[in-house]
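Inspection log for the structure reproduced underneath, given as structure tokens.
The values are calculated or read from the model by the stated rules, or taken from the named source; none is laboratory data. Just so it is clear, the structure is predicted and the values come from calculations on it, not from any experiment. Glycine also receives a Cβ, built like all others from the backbone with ideal geometry; neighbour counts cover every protein chain displayed. Side chains are part of the model used for accessible areas, which takes the heavy atoms of the whole protein and leaves out ligands, DNA and RNA. Shrake-Rupley method; radii C 1.70, N 1.55, O 1.52, S 1.80 Å.
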Amino acid sequence: MGLFGNSYAKPGKGISKEEAAKRNYFDMAGRHFFDLVKVNLLFVACTLVFIIAELLLLVGYYGNFDLIMDIVFKQHNIIVLFPLFVPFLFIGPFVAGLTYVLRNWARQEHAFLVSDFFEHTKKNWKQGLLLSVVNTVFIFAFTNAFLFYSDKGLPLFAGLIVYLLVLALWFMTNFYTYTIMVTFKMSFAQIIRNSILLALAKLPQNLFFVVIIVAAHGVLLWYLPIIWILLMAIVLIALSGFTINYYSWHVIDKYMMPKDEEEQEEAVFEDVK
């Protein structure tokens, strides 16, 4: 059975299979809304040092904004902007802890908000840190390569299409990376491999969610930047993560979770955490 037909054990009197089957995204998000606010605030508190570092770097760079933009556009590279990427190198372990809690809620399982968050932040800190480093360096290097080759004669329109397609695939791959990390015992290479395969296997659906999430954040950031910042601090990080886990867990459950003994023997992963 798929995710939406399963009846998972919950504290209290629980729910019937029929009730579980009727659960939908808005119902689940509504029931967990205040929990999403709490875990969002916990995540922001844990990453506050990196947020402050980013703000200080932005203030410092904006002090020389004209000079920096002159370097970026004349030399067609963003090396000078690399310090702005540095704080994002270290947030991966906390994303893993957040993902574990959101994954449980997305598959209608109980999660202890604080203890589970810190337990799985600690348990996955090595792979989480490595993933945030890889993600940050990839985005920086790929963007810099796009600017460099555009300056060397690469047709701008064709280059932009390739750039956006690769970024979309990267985004879709990250729908699964942290969820797989907190669910299975896998090597880092296996996590990336399986995430890419799932991103490609459900390409149209993944692309749909990319468009929805990017559009929602883009509109808020463009027209209401202050509101976007406030919402990110209060609930938007967790709500976006819950939305991704609500969808991605359905795909992981379908393609990766063993359904019987025969399938379990043939599974490509080692064990479930």
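So L221 passes all but one of these: (1) more than 22 Å from L129 (Cα to Cα); (2) modelled with pLDDT of 95 or more. Which condition number does it fail?
(2)
Which pairs do you get when a residue that is free of Cβ contacts under 8 Å to residues at least 60 places away in the same chain, found in the range 37-59, comes within reach of a residue that is buried (at least 17 other Cβ atoms within 10 Å of the Cβ) and outside any helix (DSSP H, G or I), reach meaning Cβ atoms under 8 angstrom, with the pair 6+ apart or on two chains?
These pairs meet every condition: T47/I91; F50/I91.
Looking at the range 112-140, which of its residues are open to solvent by less than 10 Å² (accessible area, probe 1.4 Å) and not in a helix (DSSP H, G or I)?
N124
With the condition kept exactly as written, say whether any residue in the range 73-84 is more than 30 Å from M256 (Cβ to Cβ), hydrophobic (A, V, I, L, M, F, W, C) and at pLDDT 85 or above.
First, the residues of the range 73-84 that are more than 30 Å from M256 (Cβ to Cβ): 73-84.
Going one step further and asking which of them are hydrophobic (A, V, I, L, M, F, W, C), we end up with 73, 78-82, 84.
With at pLDDT 85 or above added as a condition, the list becomes none.
No, the range 73-84 contains no residue that is more than 30 Å from M256 (Cβ to Cβ), hydrophobic (A, V, I, L, M, F, W, C) and at pLDDT 85 or above.
What pairs come out if I take residues in the range 88-112 that are closer than 19 Å to F50 by Cα and pair them with residues that are modelled with pLDDT of 95 or more and of a type in the set (D, E) whose C-beta lies under 8 Å away, six or more apart or interchain?
Qualifying pairs under 8 Å: G97/D116; G97/E119.
Identify, please: which residue in the range 101-111 is surrounded by fewer than 24 Cβ atoms within 10 Å (Cβ to Cβ) and not hydrophobic (A, V, I, L, M, F, W, C) and is, among those, farthest from Y176 (Cα to Cα)?
Ranking the qualifying residues of the range 101-111, first place goes to H110.
So, in the range 91-123, exactly how many residues are of a type outside the set (K, R) and within 15 Å of the chain's Cα centre (by Cα)? Even if it seems obvious, please write down each step before you answer.
Going residue by residue through the range 91-123, those that are of a type outside the set (K, R) are 91-102, 104-106, 108-121.
Those still in the list that are within 15 Å of the chain's Cα centre (by Cα) too: 91-102, 106, 121.
Here the count works out to 14.
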